[in-house]
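S.K.: Take this structure first; my questions come after.
The values are calculated or read from the model by the stated rules, or taken from the named source; none is laboratory data. Here the structure is a predicted model, which is why all the values come from computation and not from measurement. Heads up, the Cβs are rebuilt from the backbone with ideal geometry, glycines too, and the neighbour counts pull from every protein chain shown. Ligands, DNA and RNA are stripped out before the accessible areas are found, and what is left, the full protein with its side chains, is counted by its heavy atoms. Shrake-Rupley method; radii C 1.70, N 1.55, O 1.52, S 1.80 Å.
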Amino acid sequence: MKISQLFQQKKAVYSFEIFPPKPTADPAAVQSTIEELSSLRPDYISVTCSAGGSGNARTGEIAQLVKRCGVEPLAHVTCINSDRSAVRNTLNALQALGVENVLALRGDRQEGVPESKDFAHAEDLVRFIREQGYPFDIAGACYPECHPECADLLTDIRNLKRKVDAGVSHLNTQLFFDNEDFFRFRDMLSLAGIDVPVQAGIMPLVKKGHVDRIISLSGAKIPAKISRMISRFYDKPDSLMEAGIAYATDQIVDLLSAGVRGVHVYVMNNPLVARRISENVGSILAEINAEPDNL
Ligand code: FAD
């Protein structure tokens, strides 16, 4: 199923993001993680890929496992280090696996790795997928706090508009911890004439190993409430887990209250976290999606 159909059917779409496990991971454990995540009945599960595209075969393989578990996969595809022929191979492989939805990304710059002459921006990848006649639904990434390489949010949104106009049917945001940033961004998109559904990206901060890496990689602003939580519970794994789930739940409830079109949870391949969050917000999502259209 195309994710655009899900947005037509639902008021609020709920999804997870996972990453392909290392090739050395126990296949039975991988299978059981995907089965557990799928049993929570998210509307779809997105599967990341490596920036250089070298891990894209794993992305397809995991996307296929997700599909076999009865959940729609969204496969990430990057282009910054790939030429047209490599991207075509990736897209052909995904199509052959029955994948119907891709997230078209530029990918992060890596020092010393030569960049593509064919694709400078994700917009070029979106246009390529459309021009080549692939039937995928195409999602794009966006940044409520501005992409780190861009001088200002207005310029970033102008660039985003070109990407959407090239053929993106929904957007997934970078993770953020302050919902006000998302609400301001949503208003700005609307003023810019970007009217595709936008899903809010939520990352539960539940493990000390994630905390430093996620914060430095995403560049997300850290509200005082999160700083207090991290400094108080950094070395208390059970408390950090509980506090991180509570914070993410609070963010999601607030987003749903404000009529967000969807929430995309970065579950870091952790079925326990996914289960806890889903239990917390499942009945709210069900009631929102059962509301009549004129509400
Ligand atoms: P773009 O849309 O190309 O934007 C990148 C920068 O270029 C921005 O500053 C933008 O303002 C600017 N820009 C865009 N178009 C133009 C233009 N026409 N002219 C001038 N400037 C322009 N990375 C991975 O490697 N693998 C993943 O699986 C992955 N998944 C992600 C999922 C989500 C939801 C998000 C938000 C990010 C993900 N990333 C992933 C990270 C992403 O690859 C990086 O953030 C990357 O730096 C930008 O990718 P993009 O697709 O947003 O790029």
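S.K.: With a 10 Å radius around each residue's Cβ, average the other Cβ atoms per peptide and rank 212-221, 153-162, 35-44, highest first.
M.R.: 35-44, 153-162, 212-221
S.K.: Can you give the relative contact order of region 110-200 as a percent, counting alpha carbon pairs under 8 Å and 6+ residues apart?
M.R.: The normalised contact order for region 110-200 reaches 31 percent.
S.K.: OK, next. Would you please state the base-10 log of I(q)/I(0) at q = 0.11 1/Å for the chain, with intensities from the Debye formula using one equal scatterer on every alpha carbon?
M.R.: -0.64
S.K.: For the chain, what does -39500 (n - 2.57) per DSSP helix run (n ≥ 4), summed and divided by total residues, give at 222 nm, in deg cm²/dmol to the nearest 500?
M.R.: Details: 11 runs with 144 residues, N = 295.
Helix contribution divided over all residues of the chain: -15500 deg cm²/dmol.
S.K.: Residues of region 199-270: accessible area per residue at 1.4 Å, in Å²?
M.R.: Normalised by residue count, the accessible surface of region 199-270 is 44 Å².
S.K.: Specify which residue in the list 5, 147, 269 is farthest towards the positive end of the charge dipole of the chain, using unit charges on the beta carbon of Lys, Arg (+1) and Asp, Glu (-1), about the Cα centre.
M.R.: The Cα lying farthest towards the positive end belongs to 269.
S.K.: Here's a follow-up. Amide H to amide H, which residues 5 or more places from residue 174 or on other chains are under 5 Å from it, using H placed in the peptide plane?
M.R.: For residue 174, the qualifying residues are 142, 143.
S.K.: Measure off, as a whole percent, the carbon and sulfur share of the 1.4 Å-probe accessible area of region 18-86, all protein chains present.
M.R.: Ligands and nucleic acids excluded, carbon and sulfur give 54 percent.
S.K.: What is the percent carbon and sulfur in the accessible area of region 138-292, measuring with a 1.4 Å probe over the protein chains and ignoring ligands?
M.R.: 54 percent
S.K.: Turning to a different aspect of this structure: Highest first, please rank the peptides 81-89, 61-69, 107-115 by the mean number of other Cβ atoms sitting within 10 Å of their residues.
M.R.: Listed from highest to lowest mean packing, they are 61-69, 81-89, 107-115.
S.K.: Taking amide H positions as placed 1.01 Å from N in the peptide plane, with prolines and chain starts having none, which residues 5 or more places from residue 266, or on another chain, fall under 5 Å of its amide H?
M.R.: Distant-sequence amide H within range of residue 266: 17, 202, 203.
S.K.: May I pose another question? Once phi is turned into θ = phi - 60°, what whole-Hz ³J(HN,Hα) does the Karplus curve with 6.51, -1.76 and 1.60 give for every residue of region 162-176, x standing for Gly and Pro?
M.R.: Ordered by residue, 3J(HN,Hα) equals 5, 5, 5, 5, 6, x, 8, 9, 7, 10, 10, 8, 4, 5, 8 Hz.
S.K.: Let me ask another. Taking the Cα centre as origin and putting +1 on Lys and Arg beta-carbons and -1 on Asp and Glu beta-carbons, what dipole magnitude results for region 3-290, to the nearest 20 debye?
M.R.: Dipole size: approximately 120 debye.
S.K.: If the label point is 7 Å along Cα→Cβ of residue 26, which residues in region 262-279 have backbone nitrogen under 13 Å from it?
M.R.: none
S.K.: Moving on to the next point. Pairs of alpha-carbon atoms within less than 8 angstrom and 6+ residues apart define the contacts here; what relative contact order does region 189-295 have, in percent?
M.R.: Numbers: 82 pairs, mean separation 40.5, N = 107.
Relative contact order, region 189-295: 38 percent.
S.K.: Rank 239, 15 by accessible area, highest first, at a 1.4 Å probe radius?
M.R.: So the residues, ranked largest to smallest area, are 239, 15.
S.K.: Additional query: Under 8 Å for C-alpha pairs, at least 6 residues apart: give me the relative contact order for the chain, rounded to a whole percent.
M.R.: Dividing the mean separation by the residue count of the chain yields 20 percent.
S.K.: While we're on this one: In a Gaussian network model over the chain where Cα atoms closer than 10 Å are linked, find which of 230, 34, 252 has the largest mean-square fluctuation.
M.R.: Result for the chain, Cα springs under 10 Å: 230 fluctuates most.
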